[in-house]
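In what follows, a structure is listed as structure tokens, so that the remarks can point back to it.
The values are calculated or read from the model by the stated rules, or taken from the named source; none is laboratory data. Predicted, not measured: the structure shown is a model, and the values here were computed from it. Cβ placement follows ideal geometry from the backbone for every residue including glycine, while neighbour counts extend to all protein chains displayed. Heavy atoms of the whole protein, side chains included, go into the accessibility calculation; ligands, DNA and RNA do not. Shrake-Rupley method; radii C 1.70, N 1.55, O 1.52, S 1.80 Å.
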Amino acid sequence: DLFSSRGQLSFAALIGESWDLIPVELDPPEHGAYRAILNPLFSPKEVAKMEAGVLDAASSLLNNLDGKTGCEFIEGFAQPFPVSVFLQLLGLPVEEMPMFLSWEHGLLKSFSLDKRKESARNIVGYLRNAIKERRANRGTDLISYATHAEVDGRKMTDDEIIGICFLLFIAGLDT
């Protein structure tokens, strides 16, 4: 009762919803059940499957610098590289990175409550559409995995999947 993780970040409440960031806003034993679902996605075997995509992302960014005598390293490589790898993991289009980064900035770095709410709504709306699409057309990405995973013998709800994806979205974009 004294040390609960529930509702600590409350992004859902910001926009009048009630989902949790999964698994960080869950307490035991719930936390462990969801963590067990997610752990296999980050095993050495699964991460190794991403190697070609990671190398392609790095090569693409370095090719953009070809012929230049200098660059702003953070903007030209250090920020887009991990974000592009993360977008591959979630199966989100890398070409939409500027929009995603704008939403992430509005949510986590804006001093305007209205901007934070707008950004949260944009992220959740985008993720809800992605979840709907992955339920119909399963891929090999994390969103597809979550839409077909089971916890305690049942399929996860859209709100549970939002909780997982929202957490990973903000964590993956704010590297």
Tell me, what ³J(HN,Hα) does each residue in region 84-99 have, in order and in whole Hz, if you take phi through Karplus 6.51 cos²θ - 1.76 cosθ + 1.60 with θ = phi - 60° and put x for Gly and Pro? 5, 5, 4, 4, 4, 4, 7, x, 9, x, 4, 5, 8, 3, x, 5
Sequence-distant or interchain residues sharing an amide H contact under 5 Å with residue 141, placed H: which? none
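What do you get for trypsin sites (Lys or Arg not before Pro) in region 71-146 restricted to DSSP loop and a cutoff of at most 15 other Cβ within 10 Å of the site's Cβ? Before the final figure, lay out the partial values.
Numbers: sites: 109, 115, 116, 117, 121, 128, 132, 134, 135, 138; in loops: 109, 138.
Qualifying residues, ordered by number: 109, 138.
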Compactness of the chain - radius of gyration and Dmax, Cα, Å: 17.3, 60
Charge tally in the Cβ shell below 12 Å around residue 84, where Lys, Arg are +1 and Asp, Glu are -1, residue 84 excluded: -3
List, in order, the whole-Hz ³J(HN,Hα) value for each residue of region 159-165 obtained from phi through the Karplus relation with A = 6.51, B = -1.76, C = 1.60 and θ = phi - 60°; use x for Gly and Pro. 5, 5, 5, 4, x, 6, 5
Out of 111, 139, 61, whose Cα points farthest toward the positive end of the dipole of the chain (charges: +1 Lys, Arg; -1 Asp, Glu; placed on Cβ)? 139
Starting from the Cα gyration tensor of region 24-73, take the square roots of the eigenvalues, sort them a ≥ b ≥ c, and report rounded, prolate or oblate (rounded when a/c is under 1.5, otherwise prolate if a/b is larger than b/c, else oblate). oblate
Once neighbouring chains are kept in place and the probe is 1.4 Å, which whole percent of the accessible area of the chain is contributed by carbon and sulfur? 55 percent
Distance cut-off 32 Å, Cα to Cα: go down the list 49/132; 45/132; 45/68; 45/115; 49/115 and report the pairs above it. 45/68; 45/115; 49/115
In order over region 126-137: 3J(HN,Hα) from phi, Karplus 6.51/-1.76/1.60, θ = phi - 60°, whole Hz, x for each Gly or Pro, gives 4, 5, 4, 5, 5, 5, 4, 5, 6, 5, 7, 9
Cα shape, region 107-149, gyration tensor, a/c 1.5 rule: prolate
Straight-line reach only, C-alpha to C-alpha below 28 angstrom: list the lysines that residue 109 could link to, leaving out same-chain residues fewer than 8 apart. 117
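Using helices alone, I'd like the mean residue ellipticity at 222 nm for the chain: each DSSP H run of four-plus residues gives -39500 (n - 2.57), total over residue count, nearest 500.
Values: 9 runs with 102 residues, N = 175.
Rounded to the nearest 500, it is -18000 deg cm²/dmol.
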What figure, in Å² to the nearest 10, do you get for the accessible area of residue 159 with a 1.4 Å probe and non-protein molecules left out? 60 Å²
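Can you give me the accessible area per residue for region 1-145, using a 1.4 Å probe, in Å²?
Values: 8800 Å² over 145 residues.
Roughly 61 Å² per residue, with all protein chains present.
Take the alpha carbon gyration tensor of region 66-148, find the square roots of its eigenvalues, order them as a ≥ b ≥ c, and report rounded if a/c is under 1.5; if not, report prolate when a/b exceeds b/c, else oblate.
Working: a/c = 3.20, a/b = 1.27, b/c = 2.52.
Oblate is the answer for region 66-148, as a/c is 1.5 or above yet b/c matches or exceeds a/b.
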